[in-house]
Amino acid sequence: MEKLFAILIIAFIVLLLIKFGKGVGKKRWKKPDKPFSASWRKILFENILFYNNLNADEKNLFEYKVHEFLINVRITGVETEVNEYDRVLVAASAIIPIFAFPNWQYFNLNEVLLYPGLFNQEFKTSGEERSIAGMVGTGYMEGKMVLSKKALHHGFRNETDKKNTAIHEFVHLIDKADGNIDGIPSLLLEKQYAIPWIDLIKKKIDEIYDGQSDINPYGATNKTEFFAVISEYFFERPKLLKQKHPKLYNLLERIFDQKMAGKLKKSPGKEINRNDPCLCGSGEKYKRCCGKP
Ligand SMILES: [Zn+2]
Ligand SMILES: [Zn+2]
């Protein structure tokens, strides 16, 4: 009798494990089932240069992906408030680098923690040695990303300094999707380009050490950081990157499947006026459509 009982318990545990294991592997993102919020669209319009340079269909796709991200990833403020502006900015940073990938989901992320400013290795926001603006969690922080709200805002306010901390951290997650954070996004880079990519990174890191580079020196830390840093450059100043580092630019175009140098022509979104045509494309004036109080 006891034996039978033990066997039953073991069988039950095995069943649970199978079920749980499957759940982890196949966890799919929920799909948006409501229309995109007009106030989120306004935030995109006024702040996201990338979005403003898309055509109408692409804008719809971008909005869908932002929406999907926001209903599947929690954004939590730590010692700071989180508003719609912050949430949309986080989502936009997530979507820009994967915009060209159909069905991409950040399955390795379930929460973004927003800190007011810089933090240290122990995620403390006060005291000495606070130099970190963003981090992808490992160990007990697995599945979480930590971001400085200040750095998040700065990334979209200054479009010329080749810096965008939030995009940097999402590129680490993309890099991680193949199992290793190593600066080589094997899921995205066809095999024959992996060796040229690694060689090129080494060369570019040497140039940074020689003081002959306009690339953020933090990129010289290692291949992983180089990939994240050069991606910030790629999405913020693509034309300049193409001019100064054409080989690097070409490989990044392959990795992200986006011809960035031809984009970002329009100037950053200005604030929308009540009498402007509505952002949703209805043809109505903004004040009579989505801008209705
Ligand atoms: Zn990094
Ligand atoms: Zn409208």
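The values are calculated or read from the model by the stated rules, or taken from the named source; none is laboratory data. Values in this document were obtained by computation on a predicted structure and should not be read as measured data. No Cβ is skipped: glycine too gets one built from the backbone with ideal geometry, and neighbour counts run over all protein chains shown.
Residues in region 81-92: is at least one buried (at least 16 other Cβ atoms within 10 Å of the Cβ), farther than 23 Å from residue 148 by Cα and modelled with pLDDT of 95 or more? Scanning region 81-92, I find no residue that is buried (at least 16 other Cβ atoms within 10 Å of the Cβ), farther than 23 Å from residue 148 by Cα and modelled with pLDDT of 95 or more, so the answer is no. The condition (being on the phi > 0 side of the Ramachandran plot and either in contact (Cβ under 8 Å) with a residue 40 or more places away in the chain or hydroxyl-bearing (Ser, Thr, Tyr) (or both)) is satisfied by just one residue among 162, 176: 162.
Each row is one residue, and each column tells you yes or no for (1) away from ligand 1 (no atom under 16 Å from the Cβ); (2) among the basic types (Lys, Arg); (3) surrounded by fewer than 17 Cβ atoms within 10 Å (Cβ to Cβ).
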{"position": "217", "(1), (2), (3)": "no, no, yes"}
{"position": "223", "(1), (2), (3)": "no, yes, no"}
{"position": "226", "(1), (2), (3)": "no, no, no"}
{"position": "248", "(1), (2), (3)": "yes, no, no"}
{"position": "265", "(1), (2), (3)": "yes, yes, yes"}
{"position": "278", "(1), (2), (3)": "yes, no, no"}
{"position": "284", "(1), (2), (3)": "yes, no, yes"}
{"position": "287", "(1), (2), (3)": "yes, yes, yes"}
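When residue 137 is tested against (1) closer than 15 Å to residue 90 by Cα; (2) modelled with pLDDT under 85, exactly one condition is not met: (1). You will find that of 254, 274, the residue that is away from ligand 1 (no atom under 16 Å from the Cβ) and loosely packed, with under 13 Cβ neighbours inside 10 Å is 274 and no other.
If we scan region 198-217, do we find a residue that is among the aromatic types (Phe, Trp, Tyr) and closer than 23 Å to residue 96 by Cα? Among the residues of region 198-217, not one is among the aromatic types (Phe, Trp, Tyr) and closer than 23 Å to residue 96 by Cα, which makes the answer no.
The residues of region 208-229 include none that are in a helix (DSSP H, G or I) and out of contact with any helix residue (DSSP H, G or I) (no Cβ under 9 Å at 6 or more places or on another chain). On the given criteria, is residue 151 in contact with a helix residue (DSSP H, G or I) (Cβ under 8 Å, 6 or more places away or on another chain), on the phi < 0 side of the Ramachandran plot and modelled with pLDDT of 95 or more? In short, no.
Please work out if residue 239 is exposed (fewer than 15 other Cβ atoms within 10 Å of the Cβ), part of a helix (DSSP H, G or I) and either without any contact (Cβ under 8 Å) to a residue 40 or more places away in the chain or within 16 Å of ligand 1 (Cβ to nearest atom) (or both). Taking the combined requirement at face value, the residue satisfies it. Of all residues in region 269-293, those satisfying the criterion of being under 25 Å from residue 159 (Cα atoms), more than 9 Å from ligand 2 (Cβ to nearest atom) and out of contact with any strand residue (DSSP E or B) (no Cβ under 9 Å at 6 or more places or on another chain) are 269, 270, 271, 272, 273.
For residue 102, the criteria (1) touching a residue at least 24 places away in the same chain (Cβ under 8 Å); (2) under 16 Å from the mean Cα position of the chain (by Cα) hold in every case but one, which is (1).
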